[in-house]
1. Name the residue from A:GLY346, A:SER231, A:MET78 whose Cα lies farthest towards the positive end of the charge dipole of chain A, charges +1 on Cβ of Lys and Arg and -1 on Cβ of Asp and Glu.
2. Placing +1 at every Lys and Arg Cβ and -1 at every Asp and Glu Cβ, with all other atoms neutral, what dipole size does chain B have around its Cα centre, in debye to the nearest 20?
3. Nearest 10 degrees is fine. How inclined is helix A:16-31 to the longest principal axis of chain A, computing both from alpha carbons?
4. Would you mind counting up the charge near B:ALA370? Only other residues with Cβ under 15 Å from its Cβ, with Lys and Arg at +1 and Asp and Glu at -1.
5. Can you give me the Cα centroid spacing of region B:161-175 and region A:345-371 in angstrom?
6. Taking each residue of A:48-59 in turn, how many C-beta atoms of other protein chains fall within 10 Å of its C-beta, and what is the average?
7. Of the beta bridges DSSP finds with both residues in the protein assembly as shown, what % are antiparallel, to the nearest 5?
8. Over 30 Å between Cα atoms, which of A:LYS267/A:LYS364; A:LYS20/B:LYS144; A:LYS31/B:LYS110; A:LYS110/B:LYS144 qualify?
Number of protein chains: 2
Amino acid sequence: MGIVVQKYGGSSVADAEGIKRVAQRIVEAKKAGNDVVVVVSAMGDTTDELIDLAEQVSPLPAGRELDMLLTAGERISMALLAMAIGNLGQEARSFTGSQAGVITDGAHGKAKIIDVTPGRIEKALQSGAVAIVAGFQGVSQDTKDITTLGRGGSDTTAVALAAALRADVCEIYSDVDGVFTADPRIVASARKRDRISYEEMLEMAACGAKILHLRCVEYARRYQMPIHVRSSFSQKTGTWIADHEVEVEDMEQAIIAGVAHDRSEAKITVVGVPDKVGEAARIFEALSEAQINLDMIVQNVSAASTNLTDISFTLPRDDGQVAMSALARLKDEVGYDSLLYDDRIGKVSLIGAGMRSHPGVTAKFFAALAAAGVNIEMISTSEIRISVIVDEAQVDDAVSATHTAFELDSDEVEAVVYGGTGR
Amino acid sequence: MGIVVQKYGGSSVADAEGIKRVAQRIVEAKKAGNDVVVVVSAMGDTTDELIDLAEQVSPLPAGRELDMLLTAGERISMALLAMAIGNLGQEARSFTGSQAGVITDGAHGKAKIIDVTPGRIEKALQSGAVAIVAGFQGVSQDTKDITTLGRGGSDTTAVALAAALRADVCEIYSDVDGVFTADPRIVASARKRDRISYEEMLEMAACGAKILHLRCVEYARRYQMPIHVRSSFSQKTGTWIADHEVEVEDMEQAIIAGVAHDRSEAKITVVGVPDKVGEAARIFEALSEAQINLDMIVQNVSAASTNLTDISFTLPRDDGQVAMSALARLKDEVGYDSLLYDDRIGKVSLIGAGMRSHPGVTAKFFAALAAAGVNIEMISTSEIRISVIVDEAQVDDAVSATHTAFELDSDEVEAVVYGGTGR
């Protein structure tokens, strides 16, 4: 008998019917002989409704109070889920993040987990009860104020609890069957992967695969906690994320884990930057001060005649305005010519641990894009990933062409990425 | 500079506009030089909506989980209120019952306050912030589980916090201007009282005046905490509840504090009970075991010829079914003839500390009722109260006739009772 941690997202508990369906699954897992801990998100649109209320009373609510408000969402879903389980004859007790021992730093809205002390959860399990824990929330170590973990917070809560409880597995339930070789809404022949490594999943998540948040995968890798991504709407096996023992046969076949894409970025180009020491540094310093995370960065070789260069980079679209303002304030100091802003771009990434030992992957990728008439605007690579920035309108074509070129839609390969929620 | 505790009910914070209006009031109280602690109920219909959700997932939810669910309501309103205050440039911090140190027993849904340890509230006040506290909730001493206080819980939270903080006054805000001599919806000429004693207010509350719950007034009397009942929709002075120093002049004028009425009770008559020792006791024992609180009890003298008696009593209508079932099970054992159930009754009560020294009040009361054609079904009295049970359809007439007979609608007297919420 082991410990299973299950996490259900907002779409799985969107209404009373969903809650009852999930309750049934949980009771089955318990009856199968496991100790069961469940992490749950807020019901469907609850969080959006609460944010809407906050906006009605204050244009810039204090972080502490916004966290207090938003944590009401999980409080509602977890209590209802515990009731529904109790109704099936199985005792269940719900716990807030604070009660479950999720200790965080004090960064409201994006708190980081510092420690997990799940004493009350262990006690509940020992007494034979199922423990339901509010995802996305914790309590700050210093001030004892309630905090929220920000994007990917509920998944991270689940993995962190699983690690602290030394669970056998952390099951992440959503409305998707697992990790696919590409978004099935774009590539109909995309396949579900049976398994994927932490490393590949990290790259997938970083490149726009929404099924799991980067930080949750990072946490799982650090604690070597296997994650089973699966659907709460079916009984099918999903995708196991772990450091699988690599068989030689596998390596030969699965060069590529999948194709991910991301339409959430924008591109800024600073035109005519004087090509001397420190100018580029000043630009990135200003963006860093504005708390903006950059993704890809490209600097052209300067034309000898002018001694000016262009610097392009991508960033989350939501940060576009702030970044442009920060750069505009720098115009006189740096002396660049102009700023260009383009939010009609998309990023397409090819990911696979196998590409390390297979030369020619890059060439094949670019050839496939060229054949599909897709123009490449920027390129960035890592050891197990190649990403390109293309016109937003060409993202679907680029994903399909790449998926086909690498024979991902043949019967031999399994599958990667889409859907999911941010919380 | 003193400490003021203000309590706002659900109707005062029903929407964003209400919350902003209340925030303004709070900031005014703070600017006037007070330390301000605010106890707030859930917004308008939130509690009903949450109960509705609970009913959708379970017909009989566990008390622990129902409390966890319902406390989300105050969490939402208090966070929004803190944001709205922050928006006006005044720092405000919200605290759950648990964070505010409201320690209770473990009776979910009807927990009693055991202790109040408001260390975090005092700290917030010392730092210049307004403290917002969730009403209606606490944390159980033994299990550290979240509890709710049941009916009148938010008012009681406010008085308990005021007592623990040694506040100058506990202001209870609702949509009513104060305590009236009768329900203004029935008696248009009813007057607001400027002040009323704890003793009178206790009788008013016990007799159906909904403006303050019995237990809140009891708590205030025990700790001699003055309560100021007033409207959040106007700046008018409301009614002060305290042990006022009685001036002789006052005594002469205000014999009667007001007329209260209650339509929430039902009457049960056990017909033909053998008039021997222990039979009546057996009946009341059974009702007590069923957790039913009786109000008025009347036993007729038995007719000598039959040696049988009738026992009538009133009880909350909501308990009618349970009581009838409990009594039905007793039929063979006690050997009574039959049970009668009447939920078309109303209780009209005349209350006033002055009636202690004024004989003739009862006669005047009954004469007024007779003149209005109101038939009296049952009578009960205390030192400062006379209550009668009448036909439900005659309650309004009885209240008006009594109000006029005691000259409460003349200019000389002030006023008592109505409206308000249960939470």
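The values are calculated or read from the model by the stated rules, or taken from the named source; none is laboratory data. Note that the coordinates shown come from a computational prediction; the quantities given were computed from them, not determined experimentally. Because the Cβ atoms are built from the backbone with ideal geometry, glycine has one as well, and the counts that use them run over all protein chains shown. Just the protein is used for accessible areas: all its heavy atoms, side chains included, with ligands, DNA and RNA removed. Shrake-Rupley method; radii C 1.70, N 1.55, O 1.52, S 1.80 Å.
1. A:MET78
2. Numbers: 40 positive and 61 negative charges, 257 e Å.
Taking the Cα centre of chain B as origin, the dipole is about 1240 debye.
3. Taking Cα atoms only, the helix is inclined about 70 degrees.
4. Numbers: positive: B:LYS364; negative: B:GLU377, B:ASP391, B:ASP397.
Here the charged neighbours net out to -2.
5. Distance between centres, Cα-based: 69 Å.
6. Numbers: counts 0, 1, 3, 0, 1, 9, 6, 2, 8, 16, 12, 2.
What the average comes to for A:48-59 is 5.
7. Values: 88 of 144 bridges.
Just about 60 percent of them are antiparallel.
8. Numbers: A:LYS267/A:LYS364 26 Å; A:LYS20/B:LYS144 27 Å; A:LYS31/B:LYS110 34 Å; A:LYS110/B:LYS144 27 Å.
The pairs that break the limit, which is 30 Å between Cα atoms, are A:LYS31/B:LYS110.
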